[in-house]
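S.K.: Following this message is one structure expressed as C-alpha cells.
Computed from the coordinates by the stated procedures, all read-outs in this text should not be read as laboratory data. Since the structure is predicted, the reported quantities are computational estimates derived from the model, not experimental observations. Because the Cβ atoms are built from the backbone with ideal geometry, glycine has one as well, and the counts that use them run over all protein chains shown.
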Amino acid sequence: MTVTDHTQATADAAHSHGVIPDKSRADRVVSFDVDAFPVPTGREENWRFSAVRDLRSLFADEAADGHLEWTTSDLPEGVTLTQVPADEARERTVREPGDRASAVAVKHAGGAMALTIAANTVVDEPITIDLHGTGGDVRGHLLVELGQSAEATVVVNRTGTARYSELVSIDLKDNAGLNLVLLQQWDEDAVHAGEVLARLGRDSRLRGTVVTLGGKVVRLNTSAAFAGEGASVDLFGLYFADSGQHQEHQLFVDHAVPKCTSRVTYKGALAGKTARSVWIGDVLIRAAAEGTDTYELNRNLVLTDGARADSVPNLEIETGEIEGAGHASATGRFDEEQMFYLRSRGISEEQARKLVVRGFFADLIHEIGVPAVEESLMRQIDLEIAHVEEELEHE
Amino acid sequence: MSTLEIRNLHVTVETPEGTKEILKGVDLTINSGETHAIMGPNGSGKSTLAYSVAGHPKYEITEGSVTLDGEDVLEMSVDERAKAGLFLAMQYPVEVPGVSVSNFLRTAKTAIDGEAPKLRTWVKDVKGAMENLRMDPSFGERGVNEGFSGGEKKRHEILQMELLQPKIAVLDETDSGLDVDALRIVSEGVNRAKENTGLGIMLITHYTRILRYIKPDHVHVFVNGRVAEQGGPELAERLEAEGYDRYLANA
Ligand SMILES: Nc1ncnc2c1ncn2[C@@H]1O[C@H](COP(=O)(O)OP(=O)(O)O)[C@@H](O)[C@H]1O
Ligand SMILES: [Mg+2]
C-alpha cells in the first residue's frame, strides 16, 4: 500500500481568508431546489477561485431565451436520442445538482435530451454530438445512459458562443463501458458552467476526457460516484488558457464502495498576462471503500509571465484498508534548459516551444482513444502555440 | 576546412552573491580534423566555455570574440550557431518529455540542413548510427533523454553529433561517469565522425582515461578560467602522473 502525505494539500485548500471550509466533501448540499443555494459571492469554498462575476447570469432563477443547435451523427441500432419531460428528467438524473448554476440549468432547461444505449449494445464508431451556440442564455440538461454491458464512445463538441449552463448526467449500469469526450471549443466570448455527474454500477468503466481550449470562462465540475464494486474511472483533462481566459476544472471522486479504481490526470498550459486556470481535485475514500486504488495528478505549464494556475488536490481517507491513494500537483515555468537543448541542435525557438508543449500534452492526447479527435487536437495545440508566439512578439 | 577561433574570452554569470567572472581571457583555435583536449579541475570553467560557445543565455560575454570561419558566432542565436556548424555534447543532457528521439532527430536534421532528409536514407542512417553506438532501436520511440541512464544520455549525444555532422564539436565531459565499455563505444563514435567528416573537436575532460581512445593533437590545461599551459599529448601523460596540484598552487 502506498499513501502519500496529503496533509499539505488539505491545508492549502483551507488557508484562504473568509472561506468556510467543508468538514468533509460528503457534507456538501445537493438539491434540485435553486433556493437551496444562495447566489455565489466568490467566498464559498467551491466558488473561491471562480470567475463569479462573469458567471452571474447563470445564477439567475429565470427562463433563458437561447438554444444550442444540435447536430448528431447517425445513431446505430440500440442507441436513441429522445426528449424527456422535466419531471422524468429529474428522476433519471443520477444525483441532485451540487451548485446553483447546475440547479438553475436543470430547472430552466425545459426537460432533458437523453442519449440511451441499450443493454449489451456495443457501438464501435464514436457517437458525436455537436452543440453550436448562436448567442444568448442557454440552459441544458443531458442524460447519457448505458444499459448493462453496453459500450460506446460519445464525443460532445461545443462551438460558437453562449452563456451556457448545464447538467450532464451519466448513468452506467453494471459492466457498462463509456468513453466520453467533452470538447470546449467555444468562441472567445462564451461563458460555460457545467456539472457532470456520473454514477458507476458494478464493474462499469468510465473514461472521461475534458478538453478546454475555447471560451472566456469555462467552469466544469465533474463528480464520479461508485455505486457498485469493481468499477473504474479514468478522468483526463487538457486545457490551454490564453490571456482573458479563465478555465476551471473541479473533480470529485466518491469512493463509497469497496474495490474501485480511480485515476485523474489533468494537464494545462497557460500563456498571456491574464490567463488563469483552476484545478481542484477532491477524492473521498469512505469507510466502506476498502481496497480502493486512487491517484490524481495535475500539472501546469506556465509559458509566459503573469499567467496564474491554482492547483488544489484533496484526499480524504476514512479507511486504512486501501490498495493505494496518492496525488501529485506541479506548476512549473516553461523550462529554458529544454529550449536551449533543442535550439542547440538547430531547432528554431518557435519550433522548440512547439515540441516542448506538444510533448507535455502528448501522453494525455493519446489517452483519448478517438483518432480523429486526437489529430485535430494536435493541430489546435499548434494553433494555440502560434498564438503564444504572437503574444510574445507584442511584449 | 573550418576554424573556430576564441580570442580573449571573458564571461560572467549572475549569482546570488552578485556578478562573477568565470572565464578570464581564453584563447583557443581549433581547425577541422584537429582534436584539442581541454583538461582542468572541477570548477575551473570548462562547461562555461562550452556553454558560452553554444550561446547559453545564462552566460554573458563581457570581452573577446568567437568566430567560425571568420563569422561572428557571438552575434548568432543558439540555433544559428548550430546551423553554422557548431555542436555541443552536453555534460548533463536535458530531458524533453513526450518528444520522441526519432522526431527530435528528424526535426534537428531538417533544421540544420534547411530541408527534410530523404526518408529512406535517413531511416537507414539513424538505424546504422544507433547500431554502431549499441543503442536499441526502441530508443527512437522514447522521450528525449527521458529516463535514460547516464551512459545512454552520452551515447545519445554522440548519436546526434554523428547524424548532424557539425564542423566543430565541443564535447563536455562526455567521458565522465562512463564505464570502460561505454567509454569505448562513445570514443569510437567520436573517431568515426572525425574520420568521416573531418570534424574539429574540443574535448573537455577531467580525466585522462579517454585519451587512450581519442588521441589529442593538442592538450590545454585549463585552470581558473584560462588556459594555464598547452602542449602535445605528452602534457596529458604528465597530468596523469602529477594531477592538477601544480597549477592550483599557482592559481
Ligand atoms: N549558471 C551559473 N550560475 C552560477 N555559477 C556558475 C554557473 N555556471 C558556472 N558557475 C560557477 O562557475 C565556476 C565554473 O563552473 P563550470 O564552468 O561548470 O566548471 P567546470 O565545468 O570546469 O567544472 C564554478 O565555480 C561554478 O560554480
Ligand atoms: Mg563542467
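S.K.: Which net charge results for the neighbourhood of B:I30, defined as the other residues with beta-carbon distances under 13 angstrom from its beta-carbon, given Lys and Arg at +1 and Asp and Glu at -1? Show your work: numbers first, answer last.
M.R.: Details: positive: B:R7, B:K167, B:K194; negative: B:E5, B:D27, B:E34, B:D69, B:D217.
It works out to a net charge of -2.
S.K.: R0 = 22 Å: FRET efficiency of A:T319 with A:S149, Cβ-based, nearest 0.05?
M.R.: 0.15
S.K.: Still on this model: Once you list every other residue whose beta carbon is under 9 Å from the beta carbon of B:T67, what net charge do they have if Lys and Arg are +1 and Asp and Glu are -1?
M.R.: Combined, the nearby Lys, Arg, Asp and Glu give -3.
S.K.: Fewest Cβ neighbours within 10 Å first, please rank B:V186, B:V170, A:V30 accordingly. List each step's numbers first, then the result.
M.R.: On the way: B:V186 25, B:V170 28, A:V30 15.
Sorted ascending by nearby Cβ count, the order is A:V30, B:V186, B:V170.
S.K.: On a 0 to 90° scale, report how tilted helix B:119-132 is relative to the longest principal axis of chain B, with both axes built from alpha carbons and the result rounded to the nearest 10.
M.R.: The answer is roughly 50 degrees.
S.K.: Suppose R0 equals 22 Å; then what is the FRET efficiency for A:A63 and A:R95 from their Cβ-Cβ distance, rounded to the nearest 0.05?
M.R.: Result of the calculation: an efficiency of 0.35.
S.K.: Name the residue from B:G128, B:G198, B:T3 whose Cα lies farthest towards the positive end of the charge dipole of segment B:3-250, charges +1 on Cβ of Lys and Arg and -1 on Cβ of Asp and Glu.
M.R.: My answer, from the dipole projection, is B:G128.
S.K.: Tally Lys and Arg at +1 and Asp and Glu at -1 over the other residues with C-beta under 11 Å from the C-beta of A:R263: what net charge comes out?
M.R.: Cβ neighbours under 11 Å give a net charge of -3.
S.K.: Quick one: dipole size for the protein assembly as shown, taken about the Cα centre, charges +1 on Lys/Arg Cβ and -1 on Asp/Glu Cβ, in debye to the nearest 20.
M.R.: 860
S.K.: Pop the C-beta distance of B:L74 and B:V180 into the FRET formula with R0 = 56 Å and round what comes out to the nearest 0.05.
M.R.: Numbers: r = 38 Å, r/R0 = 0.69.
That gives a FRET efficiency of 0.90.
S.K.: Starting from the Cα gyration tensor of chain A, take the square roots of the eigenvalues, sort them a ≥ b ≥ c, and report rounded, prolate or oblate (rounded when a/c is under 1.5, otherwise prolate if a/b is larger than b/c, else oblate). Numbers along the way, then the final one.
M.R.: Numbers: a/c = 1.33, a/b = 1.22, b/c = 1.09.
Rounded, since a/c falls under 1.5.
S.K.: What fraction, in whole percent, of alpha-carbon pairs in segment A:212-356 exceed 22 Å separation?
M.R.: Tail of P(r) above 22 Å: 47 percent of Cα pairs.
S.K.: What is the order of A:K23, B:K127, A:K107, fewest Cβ neighbours within 10 Å to most?
M.R.: Ranked by crowding around the Cβ, least crowded first: A:K23, B:K127, A:K107.
S.K.: May I ask which residue of B:G231, B:S65, B:L183 lies farthest towards the positive end of the charge dipole of chain B, with charges of +1 (Lys, Arg) and -1 (Asp, Glu) on Cβ and the Cα centre as origin?
M.R.: Result: B:L183, furthest along the dipole toward the positive end.
S.K.: Only four residue types carry charge here, +1 at the Cβ of Lys and Arg and -1 at the Cβ of Asp and Glu. Report the dipole size of chain B about the Cα centre in Debye, rounded to the nearest 20. Walk me through the numbers before you get to the answer.
M.R.: Values: 28 positive and 39 negative charges, 127 e Å.
About 600 debye.
S.K.: What is the spin-label model distance, in nm, from B:N196 to B:E234 if the labels are put 7 Å beyond Cα along the C-beta direction?
M.R.: Between B:N196 and B:E234, the simple spin-label model gives 3.6 nm.
S.K.: Same structure again: Which distance in nm do the two modelled labels at B:R246 and A:T72 give, with both placed 7 Å along the Cα-to-Cβ direction?
M.R.: Result for the modelled spin labels: 8.8 nm.
S.K.: Mean Kyte-Doolittle of at least -0.5 and a Cα length of 18 Å or more along the axis: which whole DSSP H helices of chain A meet both?
M.R.: A:349-365, A:371-394
S.K.: Evaluate the Debye formula for chain B with equal point scatterers sitting on the alpha carbons, no solvent, and hand back log10 of I(q)/I(0) at q = 0.08, 0.10, 0.11, 0.14 Å⁻¹, in q order, two decimals.
M.R.: -0.30, -0.47, -0.58, -0.95
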